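Shown next, in structure tokens, is the structure this report addresses.
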Amino acid sequence: MTDMKTNTFAFWVVLLVLVSGFASSASLRAQEAKTLFVNMPDSLCPLLTKVNRADCIDFLESKMRAVVDNRLGRKSEMTKLTKDYICMQFTEQTSWQMKVLPLNDSVRVIAAVSTACAPACDSRLEFYSTDWKPLDAASFLTLPVLDDFLSAAAVKTDADSLAFDQARRTVDLFLMKADFALDAAELIFTFTTPDYLSKEVADRLKPFLCAPLVYQWCQGHFTRKK
């Protein structure tokens with residue numbers, strides 16, 4: 001009788017572990033980029049229908065080019081797809097990326113970058129819960145400012161200092177492009193104002209520019225890598 005009780009208890013323990021494992025696995029699959037993308041509200045993706053979004057996933061998973069006709073009768077293309085990342089080229093001038101990021105072992109958050117190029121590119125960054133409720137971006141990231149992209153390392157003389165000040169004053173419009181790393185929890189910011197400036201002005205600014213800024217996701221927040 002004791003052995004039977006022990007075996008019965010062991011059976012239910014194993015069953016509980018299996019059920020918990022299946023539930024956890026299903027929850028994680030529900031938080032994969034492709035599932036979240038297909039289920040996003042049309043209001044957040046007005047150019048594509050839910051069928052369009054699902055077709056893009058199916059095409060790429062079938063090793064085909066993921067091009068669909070959008071609501072404007074033009075072409076949109078999904079160019080990248082991983083478990084936690086998607087990149088869409090909505091039009092020739094506009095693109096969109098999403099990255100699924102962990103808050104803890106079971107909860108994820110969606111970060112999305114919308115970029116428009118005309119011709120200089122500028123990006124907007126937004127955060128959502130996995131049911132696409134807007135979240136306060138400031139809770140996850142402090143955005144770079146102009147001075148983060150400028151370096152005084154090239155300033156050696158008073159003439160250099162004057163040139164630096166003059167170059168900085170030419171920046172009358174602050175533009176930057178954001179991109180998620182494909183295979184890492186990183187966000188890269190590129191200063192794009194020089195693409196908007198005349199070549200002469202951009203050349204004066206060039207000696208004082210930093211490399212693109214890389215931010216790493218750690219403990220629920222993007223922090224600039226040193």
**Complete:** The helix 158-169 Cα axis meets the longest alpha-carbon principal axis of the chain at an angle in degrees, between 0 and 90 and rounded to 10, of 60
**Asked** Structure shown: which of Lys133/Lys225; Lys177/Lys225; Lys199/Lys226; Lys50/Lys80 lie over 22 Å apart, alpha-carbon to alpha-carbon?
**Response** Lys133/Lys225; Lys199/Lys226
**Asked** Helix-derived [θ] at 222 nm for the chain: sum -39500 (n - 2.57) over DSSP H runs of at least 4, divide by residue count, nearest 500?
**Response** -9500 deg cm²/dmol
**Item:** Euclidean distance between Cα centres, segment 132-159 to segment 72-120, Å
**Value:** 22
**Prompt:** Using r as the Cβ-Cβ distance of Asp105 and Arg65, and R0 as 30 Å, what FRET efficiency do you calculate, to the nearest 0.05?
**Reply:** 0.25
**Prompt:** Going by how many other beta carbons lie within 10 Å of each one, how would you line up Phe37, Phe189, fewest first?
**Reply:** Phe189, Phe37
**Order of Asp58, Asp172, Asp122 - criterion: other Cβ atoms within 10 Å of each residue's Cβ, fewest first** = Asp172, Asp58, Asp122
**Message:** Explain nothing, just the number: dipole magnitude of the chain about its Cα centre with +1 on each Lys and Arg Cβ and -1 on each Asp and Glu Cβ, in debye rounded to the nearest 20.
**Reply:** 320
**Fill in**
Labelled set (i) 8, 31, 35, 22, 5, 0; (ii) 8, 33, 40, 18, 1; (iii) 7, 26, 26, 19, 11, 6, 3, 2, 1, 0; P(r) over Cα pairs in 10 Å bins from 0, in percent computed from this model equals the value at (iii)
**Asked** What ranking of Tyr196, Tyr215 emerges when the number of other C-beta atoms within 10 Å of each C-beta is taken as an exposure proxy, fewest first?
**Response** Tyr196, Tyr215
**Request:** At most 16 other Cβ atoms within 10 Å and a DSSP loop assignment: could you name the GluC sites (Glu not before Pro) in segment 82-189 that fit?
**Result:** Glu92
**Request:** Report relative contact order for the chain in percent, whole number only (criteria: Cα-Cα under 8 Å, sequence separation at least 6).
**Result:** 13
**Request:** Give me the distance in nm between label points sitting 7 Å out from Cα along the Cα-to-Cβ direction at Thr94 and Asp160, one decimal.
**Result:** 4.4
**Message:** Please give me the summed charge of the neighbours of Val67: other residues whose Cβ is under 10 Å from its Cβ, Lys and Arg +1, Asp and Glu -1.
**Reply:** -1
**Asked** Top mean-square fluctuation among Val113, Val67, Val145, Gaussian network model of the chain, C-alpha springs under 10 Å?
**Response** Val145
**Message:** Using a 4.7 Å cut-off between beta carbons, which cysteines in the chain end up with no partner cysteine at all?
**Reply:** Cys45, Cys56, Cys87, Cys210, Cys218
**Message:** Helix 50-61 against the longest principal axis of the chain: what's the angle in degrees, Cα atoms only, rounded to the nearest 10?
**Reply:** 90
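All of the numbers you see were taken from the coordinates with simple rules; none came from a lab. Everything numeric in this text was worked out from a predicted model, so none of it was measured. Note: ideal-geometry Cβ built from the backbone for every residue, glycine included; neighbour counts use all protein chains shown.
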